[in-house]
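The values are calculated or read from the model by the stated rules, or taken from the named source; none is laboratory data. Just so we're clear, the structure is a prediction, and the values are computed from it rather than from any experiment. Cβ placement follows ideal geometry from the backbone for every residue including glycine, while neighbour counts extend to all protein chains displayed.
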Amino acid sequence: MAMQNGHSNKKQLDVIVVGAGLVGSLEALYLAKRGHRVRLYEFREDIRKTPQARGRSINLALSVRGRRALKDVGLETHMIKEHGIPMTGRRIHRTDGSTYVIPYDANTKQSIYSVGRNYLNGLLLQESEQYGNVERYFNHKLIEANLKKGSLTFLKTDTNETINVTADLIIGADGAFSAVRKAMMKQPFFDFSQKYIEHGYLELCIPPADNGGFLMPANYLHIWPRGEFMMIALPNQDCSWTVTLFMPFAKFKNLDTEEKLLAFFEKYFPDSIPLIGKQKLVEDFFAVKPSPLVAVKCRPYHVEDKALIIGDAAHAVVPFYGQGMNAGFEDCTLLDQLFQKHHDNLAEILQEFSETRWEDTFAISDLAMYNYIEMRDLVTRPSYKFRKAMDDFIFWLLPNFWVPLYNSVTFSTMPYSLCIKNREWQDRVLKKFLSIVGIGALIGGAVAFKIKYYS
């Protein structure tokens with residue numbers, strides 16, 4: 001059995017975690033390390049036994065917030081050294097097939113890491129096997145909840161039986177369409193909103209080269225920005241690429257024949273066709289319908305001292321900042337710190353988590369929406385390149401004074417809401433500086449003209 005960090009003298013709490021995905025599995029490890037009993041319930045089958053059953057999904061980018069959480073449970077080194085593929089920047093593809101690179105961090109050379117969702121989920125579940133105080137139950141669908149009493153009813157989907165369970169604490173980590181959150185919505189003063197964007201996504205694949213290697217430079221997030229829509233590609237461990245096309249649903253609907261699809265790709269993504277292959281492009285594109293993207297905001301995240309939601313159940317975000325998993329993992333880190341701070345007092349832990357976390361999760365939701373515009377459109381504009389160059393230069397000159405927005409979100413643990421405030425302050429500073437420069441240039445020009453005119 002794995003060590004439980006000397007918490008054996010404390011009262012052992014009985015905790016149920018609903019959802020054995022990435023965030024739920026990680027939270028189970030955090031709680032197990034603190035010595036608590038954890039029962040992990042999952043609606044779907046064990047991903048380790050049927051890894052392809054969930055289908056394809058958007059690739060994951062692991063950054064500092066997620067790495068810190070994995071370090072806490074002893075898995076960071078494995079994911080970085082043995083699995084993750086470092087991506088040092090965005091490689092932008094023009095319509096003529098040429099490319100250029102925008103580094104994520106030109107000064108300190110930090111990277112984000114492309115990781116497999118199923119692999120990481122399986123690794124977290126496998127690690128939980130090391131703890132005798134963790135129990136895992138798959139094919140269990142939550143059908144009823146009395147959160148104030150800590151009571152849940154599950155349907156065993158493989159046998160059609162129902163079971164009733166109770167716990168000291170219920171943690172909902174069951175995704176954007178959370179059943180635990182649905183039960184919370186019956187509580188007075190629970191605020192909830194969800195927003196579907198008008199753009200969907202569809203996944204394609206670039207296979208490995210004939211020699212088993214990558215067909216494109218591997219250590220980048222590849223982007224084909226086209227204004228209203230874009231395509232991205234992240235490297236996989238088998239040297240293939242997961243390619244995701246983000247586009248308005250109306251445009252997807254218009255591509256209803258093989259001829260229209262190929263003409264569209266010839267116009268906007270010509271260099272991708274030989275990489276994907278014409279036949280494979282047609283087969284993959286028409287094999288599935290584009291999927292929707294939803295963002296969820298809600299608060300508070302808890303019910304008394306009995307229930308809490310985390311991860312996508314509390315704050316699903318669109319994927320354009322690569323922070324969905326990282327924000328969910330950060331939930332687990334912050335929650336663990338509160339367990340330490342309040343000595344396992346659930347009333348104080350849950351109350352503080354709700355009061356302090358929502359502002360940051362709302363902030364990253366807004367940032368993710370903005371970053372879609374940046375990735376599909378702004379990255380090609382001179383104004384973006386100028387601002388990026390200014391940020392990088394000042395960051396190089398004054399690294400402890402000026403941290404660009406992307407760096408603060410991705411390569412630090414600065415609260416997301418402070419990342420936005422920091423950017424707003426930088427905007428004011430640059431605006432004032434450029435105004436002074438502009439006035440100085442105007443005065444200088446006027447003086448030069450006057451000297452020339454009267455001389």
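Just need a number here: residues in the range 178-196 that are in contact with a Pro (Cβ under 8 Å, 6 or more places away or on another chain) and under 25 Å from Ile373 (Cβ atoms). Final tally of qualifying residues: 1.
For the range 375-404, which positions are within 17 Å of Cys419 (Cα to Cα) and buried (at least 17 other Cβ atoms within 10 Å of the Cβ)? The answer is Arg387, Lys388, Asp391, Asp392, Ile394, Phe395, Trp402, Val403, Pro404. Considering only the range 131-153, I want to know if a residue exists there that is surrounded by 13 or more Cβ atoms within 10 Å (Cβ to Cβ), of a type in the set (Ser, Thr, Tyr) and more than 28 Å from the chain's Cα centre (by Cα). Yes, the conditions are met somewhere in the range 131-153. The combined condition, being among the aliphatic types (A, V, I, L, M) and outside the structural domain of Glu161 (by TED's automatic domain parsing), is not fulfilled by Ala69. From the set of residues in the range 245-276 that are aromatic (Phe, Trp, Tyr) and either modelled with pLDDT under 95 or in contact with a Leu (Cβ under 9 Å, 6 or more places away or on another chain) (or both), which is nearest to Met375 (Cα to Cα)? Restricting to residues being aromatic (Phe, Trp, Tyr) and either modelled with pLDDT under 95 or in contact with a Leu (Cβ under 9 Å, 6 or more places away or on another chain) (or both), the top hit is Phe246.
Only one of the listed residues (Glu348, Glu424) is in a helix (DSSP H, G or I) and either in the same structural domain as Arg68 (by TED's automatic domain parsing) or in contact (Cβ under 8 Å) with a residue 60 or more places away in the chain (or both). That residue is Glu348. Elements of the type strands (runs of 3 or more DSSP E) sitting completely within the range 61-120 and holding at least 1 residues that are over 22 Å from Ala327 (Cα atoms) and at pLDDT 95 or above: these cover 89-93, 99-103. From the list Gln279, Gln237, the one residue that fits, being more than 16 Å from Met369 (Cα to Cα) and in contact (Cβ under 8 Å) with a residue 12 or more places away in the chain, is Gln237.
Remark: Ser354 falls outside the filter, which requires a residue to be among the polar types (S, T, N, Q) and free of Cβ contacts under 8 Å to residues at least 24 places away in the same chain.
Is it the case that the range 199-219 has a residue that's under 25 Å from the mean Cα position of the chain (by Cα), crowded, with 18+ Cβ neighbours inside 10 Å, of a type in the set (Val, Ile, Thr) and on the phi < 0 side of the Ramachandran plot? Yes: the range 199-219 contains one or more residues that are under 25 Å from the mean Cα position of the chain (by Cα), crowded, with 18+ Cβ neighbours inside 10 Å, of a type in the set (Val, Ile, Thr) and on the phi < 0 side of the Ramachandran plot. Just to be sure before I move on: is Tyr113 among the aromatic types (Phe, Trp, Tyr), under 24 Å from Glu82 (Cβ atoms), touching a strand residue (DSSP E or B) at 6+ places or on another chain (Cβ under 7 Å) and surrounded by 17 or more Cβ atoms within 10 Å (Cβ to Cβ) in the structure I sent? So Tyr113 fits the description; yes.
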